[in-house]
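So the structure is just underneath, and the comments pick up after that.
The values are calculated or read from the model by the stated rules, or taken from the named source; none is laboratory data. Quantities reported herein were computed from a predicted structural model and do not represent experimental measurements. Reconstructed Cβ throughout: ideal geometry from the backbone, glycine too, with neighbour counts over all protein chains shown. Side chains are part of the model used for accessible areas, which takes the heavy atoms of the whole protein and leaves out ligands, DNA and RNA. Shrake-Rupley method; radii C 1.70, N 1.55, O 1.52, S 1.80 Å.
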Amino acid sequence: MSRIDKENYYLDIAQTVSERSTCSKTHYGALIVRNDEIVSTGYNGAPRGRAHCIDLGYCVRDRLNISDGQRYELCRSVHAEANAIISASRSECIGGTIYLSAQDAETGEYVENLRPCPACRRMIINAGLSKIVIRTAKDKFDIVNVQDWVFNDDSIIDPNEN
């Protein structure tokens, strides 16, 4: 039996964390690691004390016919990345890595082209995390350098562009 590499080891833990998700559409799990120690975890679900989508029996965004990747502000859930960052101190995050795994709630298939939403990207930058490792398949992943998001700021809109 071969030994699992560190990236997939941490991604497996993030995937297990995602099993706590209360989203009826997609289960996300996040894990922050620094100096080879787990700092915090997070999964997507409604804020503490509020009803979860699985408790309501429906997704608000589905009821409003909102496409995937659009109008995140209408989602009841706090995202997994945000929950992991909230549970850690900034000093524990600086220079660390966030691992992210997401699966469709119905099929169990991994989410294709998974990337944190714009708000989570801003939180990841401000937390001081250096990279994000994103599961793309059972034993496959992408690595994103957070500094690339700083230098390639997709939130700047040029008013002169049509």
Residues Arg3 and Gln70, FRET efficiency given R0 of 30 Å [Cβ-Cβ distance, rounded to 0.05] | 0.10
Roughly speaking, to the nearest percent, how much of region 63-151's 1.4 Å accessible area is carbon and sulfur?
-> 46
Förster radius 35 Å - calculated FRET efficiency between Leu56 and Ala119 (Cβ-Cβ, nearest 0.05) = 0.95
Would you please put 57-69, 105-117 in order of how densely packed they are, using the mean number of other Cβ atoms within 10 angstrom per residue and starting with the highest?
-> 105-117, 57-69
Kirkwood hydrodynamic radius (Cα pairs, Å) of the chain?
-> 16.4
Cβ-Cβ FRET estimate between Asp104 and Asn35, R0 fixed at 45 Å, reported to 0.05 | 0.85
Cα to Cα, under 20 Å, and not fewer than 8 places away if on the same chain: which lysines meet these conditions relative to Lys131?
-> Lys6, Lys140
Kirkwood Rh, angstrom, region 66-162 [1 / mean 1/r, Cα pairs] = 14.9
Sequence order, region 111-127: Karplus ³J(HN,Hα) from phi using 6.51 cos²θ - 1.76 cosθ + 1.60, θ = phi - 60°, Hz rounded, Gly and Pro as x, gives 6, 6, 6, 5, 8, x, 5, x, 5, 5, 4, 5, 5, 4, 4, 5, 6
Would you mind getting the accessible area per residue of region 73-162, heavy atoms of the protein chains only, 1.4 Å probe, in Å²?
-> 59
Trypsin sites (Lys or Arg not before Pro) within region 77-151, DSSP loop, no more than 16 other Cβ atoms inside 10 Å = Lys138
